[in-house]
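Peer 1: Handing you this structure, nothing more for now.
No lab work stands behind these numbers, since they all come straight from the coordinates. These numbers come from a predicted model, not from an experiment. When we count neighbours, we look across all protein chains shown, and the Cβ atoms used for this are built from the backbone with ideal geometry, even at glycine.
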Amino acid sequence: MNFKIAVIPGDGIGIEVTAQAVKVLKTVGEKFGHVFEMTEADAGGCAIDKHGEPLPAQTLEVCKNSDSVLLGAVGGPKWDTLPGSQRPEQALLGLRKGLGLFANLRPAVLHQALKDASPLKPEIIGDGLDIMVVRELTGGIYFGDRGRTEDAAFDTMKYSVGEIERITRVAFEIAMKRNKNIVSVDKANILENSRLWREVVEKVAKEYPGVQVSHMYVDNAAMQLVRNPKQFDVIVTGNMFGDILSDEASMITGSIGMLPSASLGAGKLGMYEPVHGSAPDIAGQDKANPIATIISVAMMLRYSFNLTQEADVIEKAVSSVLDKGYRTGDIMSEGMQLAGTAAMGQLIIDEIQD
Ligand code: NAD
């Protein structure tokens, strides 16, 4: 099959980690007989330098004409003094809006080999963790009316049935590809919004009789994530609760260099990127962990291209390189073998080819 991918390396380590992910894509393409047609585009600080704006129109055009987008990271100290509206990070908002991406997928996977990286006790972790947080990205309190008077301020949380329905469907489709278990997180004991959220989730659930659904208040969910994270498969929730819970879920896995993410819209097109930033402190030194970006590519194959077997092969290759004791600096521990960015990428490629 033939797929068009827009590749936006961005700034700092974004450039180094996407280079490894691109190599992985090429290897998978050769192994399974697919053509991944990749077009590079500028966004972030490098785009400000070259084109005078963080998200040039031609970059958005390349993305719109692609089947998916792979993004490294944007930003860095060079552009830190620019006013908010001109900063590199505006490119992310512009891409999400321009591509209509309303669902944010943040898997929190703790590999057996990295159990020690988790701040949680081994008996809580067991043989590892695998949670998917599905967060609504373009609605709720972050986008509602807000205002301020001299001695007060307000923010409005509003969700329409349509907005809840579409994010819930994304979560159910994902659950169907996983362990068919969804926990919907809300605050329905207090918020009218959440009561509507529950009703809509229940309605959509009828279309997926094979998926088990339960509801949890957000305060309890925050507690359960550290008390007994293994009970979760897919968590679906609104924008603000998802923002907080996805960070909590990812931190129980340990390293930021291991965390992928995806943002999806109504069609198949998605944007896939590591959770981390451009890490100016280690940029250009072959120290960055490319695994978050490589697993983001696996997510692209799974969720945008429906290439499940190919995605599995990448994820298994990552696990087996970790099992063999190879580590980048951020996940290094005693007795393990240190690998740079390019070496780690190559080790994963060798596993895929095996
Ligand atoms: P960061 O994620 O870039 O770095 C935080 C720490 O984690 C650093 O010590 C860094 O060395 C380490 N780290 C991050 N990714 C790593 C990897 N793959 N391998 C090994 N170590 C890694 O966050 P920050 O320092 O707060 O931000 C730096 C810049 O990135 C800022 O300009 C920020 O705005 C931008 N940023 C961009 C995105 C994005 O593009 N999606 C996300 C977050 C931050």
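Peer 1: Note the full-extension length gain between residue 203 and residue 35 as 0.36 nm times their separation in residues minus their Cα-Cα distance, in nm to one decimal. Intermediate results must be reported in sequence, preceding the final value.
Peer 2: Working: separation 168, 0.36 × 168 = 60.48 nm, distance 3.97 nm.
Full-extension gain reported as 56.5 nm.
Peer 1: Which residues' amide hydrogens lie under 5 Å from the amide hydrogen of residue 130, considering only partners 5 or more residues apart or on another chain, with H built in the peptide plane?
Peer 2: 110
Peer 1: With the contact rule set at Cα under 8 Å and sequence spacing of 6 or more, what percent relative contact order holds for the chain?
Peer 2: Values: 740 pairs, mean separation 77.3, N = 354.
Dividing the mean separation by the residue count of the chain yields 22 percent.
Peer 1: Mind putting a number on the dipole of the range 224-354 about its Cα centre? Charges go on the C-beta only, +1 for Lys and Arg and -1 for Asp and Glu, and I need it in Debye to the nearest 20. Can you show the working numbers first?
Peer 2: Numbers: 8 positive and 16 negative charges, 43 e Å.
Charge dipole of the range 224-354: 200 debye, to the nearest 20.
Peer 1: So what is the relative contact order for the range 213-354, in percent, with contacts set as C-alpha pairs under 8 Å and at least six apart?
Peer 2: Relative CO of the range 213-354 lands at 18 percent.
Peer 1: Shifting gears a bit: Using 7 Å Cα-to-Cβ label points, what is the residue 57/residue 155 separation (nm, one decimal)?
Peer 2: 3.4
Peer 1: Separate question: Can you compute the charge dipole magnitude of the chain about its Cα centre, using +1 on each Lys and Arg Cβ and -1 on each Asp and Glu Cβ, nothing else charged? Give it in debye, rounded to the nearest 20.
Peer 2: Details: 35 positive and 46 negative charges, 144 e Å.
The dipole of the chain has a size of about 700 debye.
Peer 1: Continuing with the same structure: Give me the number: length gained by fully extending residue 64 to residue 195, i.e. 0.36 nm times residue separation minus the C-alpha to C-alpha distance, one decimal in nm. Display every interim value, and only then the final one.
Peer 2: Values: separation 131, 0.36 × 131 = 47.16 nm, distance 3.57 nm.
Working it through step by step, the gained length comes to 43.6 nm.
Peer 1: In Å, what Kirkwood hydrodynamic radius results for the chain from the alpha-carbon pair distances? Each step should come with its number before you reach the end.
Peer 2: Details: mean 1/r = 0.0479 Å⁻¹.
So the Kirkwood estimate lands at 20.9 Å.
Peer 1: With θ set to phi - 60°, apply the Karplus curve 6.51 cos²θ - 1.76 cosθ + 1.60 along the range 341-348 and write out the HN-Hα couplings as whole Hz, x wherever there is a Gly or Pro.
Peer 2: Once θ is set to phi - 60°, the couplings for the range 341-348 become 4, 5, 5, 4, x, 5, 4, 5 Hz.
Peer 1: Also, I was wondering about something else. For residue 67, list long-range residues whose amide hydrogen, built 1.01 Å from N in the peptide plane, is under 5 Å from its own amide hydrogen.
Peer 2: Sorted by chain and number, the residues that satisfy this are 4, 5, 6.
Peer 1: Then there's this: So, with +1 on the Cβ of K and R and -1 on the Cβ of D and E, and no other charges, what is the size of the charge dipole of the range 1-78 about its Cα centre, to the nearest 20 debye? List each step's numbers first, then the result.
Peer 2: Working: 7 positive and 10 negative charges, 41 e Å.
Using only the charged Cβ atoms, the result is roughly 200 debye.
Peer 1: Each residue of the range 269-277 in turn: what ³J(HN,Hα) in whole Hz from Karplus with 6.51, -1.76, 1.60 and θ = phi - 60°, glycine and Pro shown as x?
Peer 2: 5, x, 10, 10, 7, x, 6, 6, x
Peer 1: Also, I was wondering about something else. If the reach is capped at under 17 angstrom between alpha carbons, list the lysines near residue 187, excluding any in the same chain fewer than eight residues apart.
Peer 2: Answer for residue 187, where 17 Å is the Cα cut-off: 158, listed by chain and number.
Peer 1: Output the relative contact order of the range 119-252, whole-number percent, from Cα pairs under 8 angstrom with separation of 6+ residues.
Peer 2: Values: 206 pairs, mean separation 51.8, N = 134.
Computed value for the range 119-252: 39 percent relative contact order.
Peer 1: Averaged across orientations, what area in nm² does the convex hull of the alpha carbons in the range 119-252 project? Intermediate results must be reported in sequence, preceding the final value.
Peer 2: Numbers: hull surface 36.5 nm².
So the Cα hull casts an average projection of 9.1 nm².
Peer 1: Taking the Cα centre of the chain as the origin and placing charges on Cβ (Lys, Arg +1; Asp, Glu -1), which of 129, 1, 344 is farthest toward the positive end of the dipole?
Peer 2: Looking along the dipole axis, the top candidate is 1.
Peer 1: Could you work out [θ]222 nm for the chain from helices alone, using -39500 (n - 2.57) per DSSP H run of at least four and dividing by all its residues? Round to the nearest 500 deg cm²/dmol.
Peer 2: Values: 12 runs with 139 residues, N = 354.
So the helix-based figure for the chain works out to -12000 deg cm²/dmol.
Peer 1: Considering only DSSP states other than H, G, I, E and B, which GluC sites (Glu not before Pro) in the range 267-354 qualify as loop sites with at most 15 other Cβ atoms within 10 Å?
Peer 2: Details: sites: 310, 315, 334, 351; in loops: 334.
The qualifying sites are 334.
Peer 1: Could you tell me which residue out of 321, 201, 45 lies farthest along the dipole of the chain toward its positive end? Charges go on the beta carbon: Lys and Arg +1, Asp and Glu -1, centred on the Cα centre.
Peer 2: 201
Peer 1: Scan around residue 181 for amide H atoms under 5 Å from its own, H built in the peptide plane at 1.01 Å from N, and keep only partners 5 or more places away or cross-chain.
Peer 2: When sequence neighbours closer than 5 places are left aside, the close amide H contacts are 212, 234.
Peer 1: Do the alpha carbons of any pairs in 180/206; 180/316; 121/180 sit beyond 19 Å of each other, and which pairs?
Peer 2: Details: 180/206 14 Å; 180/316 21 Å; 121/180 27 Å.
Among 180/206; 180/316; 121/180, the Cα-Cα distance tops 19 Å for 180/316; 121/180.
Peer 1: Using per-residue counts of other Cβ atoms within 10 Å, averaged over each peptide, order 192-199, 132-139 from highest down. Don't skip to the end; give the middle numbers.
Peer 2: Working: 192-199: 17.9, 132-139: 24.5.
Put in order of decreasing packing, that is 132-139, 192-199.
Peer 1: If you take every DSSP beta bridge fully contained in the chain, what fraction is antiparallel? Give it as a percent rounded to 5. Provide the component values of the computation, followed by the final result.
Peer 2: Details: 20 of 49 bridges.
The antiparallel proportion sits near 40 percent.
Peer 1: Oh, and also: Out of 215, 81, 275, whose Cα points farthest toward the positive end of the dipole of the chain (charges: +1 Lys, Arg; -1 Asp, Glu; placed on Cβ)?
Peer 2: 215
Peer 1: Obtain the nm distance between the two label points defined at residue 338 and residue 81 by a simple spin-label model: each point lies 7 Å from its Cα along the Cα-to-C-beta direction.
Peer 2: 3.5
Peer 1: Along the range 231-237, what does the Karplus equation 6.51 cos²θ - 1.76 cosθ + 1.60 (θ = phi - 60°) give for ³J(HN,Hα), rounded to whole Hz, x for Gly and Pro?
Peer 2: 6, 9, 10, 10, 10, 10, 7
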